[in-house]
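A short write-up of the structure that comes next.
Every number here is computed from the coordinates shown, using simple stated rules; none is lab data. The model shown is predicted, which means the values in this text are computed figures rather than measured ones. Here the Cβ positions follow ideal geometry from the backbone for every residue, glycine too, while neighbour counts run over all protein chains shown.
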Amino acid sequence: MAILVFGGTFDPVHNGHLAIARQARVATGAEAVWFVPAALAPLRDPPWATPEERFELLQAACGAPAEEGLAVLDTAVRRGGVSYTADVMDALRAQFPEFELTVLLGADAARTIMRWHRAEDLLSTERFVIANRTGPPSLDPAEVSRLGYPAARTTLLSVDSPDISASDVRDRRARGESLDGLVPVVVAALIAAKGMYRQNRDDA
């Protein structure tokens, strides 16, 4: 059973993330996409929301009961500390040896691969699906090869996703503006109920 593993900070999850997950699942024929929120991301500033809050927002985004083909795992949240993709994939394989796991990531994240913990291990063993989404410059096969991704285990996709970033969502929330079109309605409601993202980082 093929599974796409979609890691990230998701601070917060937004409609762009969901578009990537849904379209990548259909394009690859995967059984499901597993969102795995990081406790702490190694190459980003500390997240605004706690791991538990971000996990809860993802659960809301994927629905209750969960939308078919989408699931949220607390593997990295439970481990705590800095969440490295290589370690998370090791943990998932130990827990789910019957599944064929593939790393799903956006082009912007894919470009940073050589800064990742155990990058050589990842490139020598993992399968990858890299999504060129609306907004950031696209990766082409030549750049994918230069970055070290193995052609036989790497799929490059183009997805039609809203040009949204998590910082856009946080900034609009801090200004008291509507999040319509940026996040699912249930996620916006949960953010409001919890009083999340009321300040910009620069103002904190």
Once Lys and Arg are counted +1 and Asp and Glu -1 for all other residues with Cβ under 14 Å from that of Leu182, the total becomes -2
Say each of Glu68 and Thr112 gets a label point 7 Å from the Cα, pointing the same way as Cα to Cβ; how far apart are those two points in nm?
3.5
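Find out how many positive minus negative residues lie around Leu157, taking Lys and Arg as positive, Asp and Glu as negative, among other residues whose Cβ is under 15 Å from that of Leu157.
Spelling it out: positives minus negatives among the neighbours equals +1.
In deg cm²/dmol and to the nearest 500, what is the mean residue ellipticity at 222 nm of the chain if only DSSP H runs of at least 4 residues count, each as -39500 (n - 2.57), divided by the residue total?
Result for the chain, helices only: -10500 deg cm²/dmol.
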Sort 139-145, 160-166, 102-108 by packing, meaning the average of other beta carbons within 10 Å per residue, with the highest value first.
102-108, 160-166, 139-145
Residues other than Ile3 with Cβ under 9 Å of its Cβ, Lys/Arg counted +1 and Asp/Glu -1, net out at -2
Distance between the C-alpha centers of region 42-113 and region 152-181? Whole Å please.
17
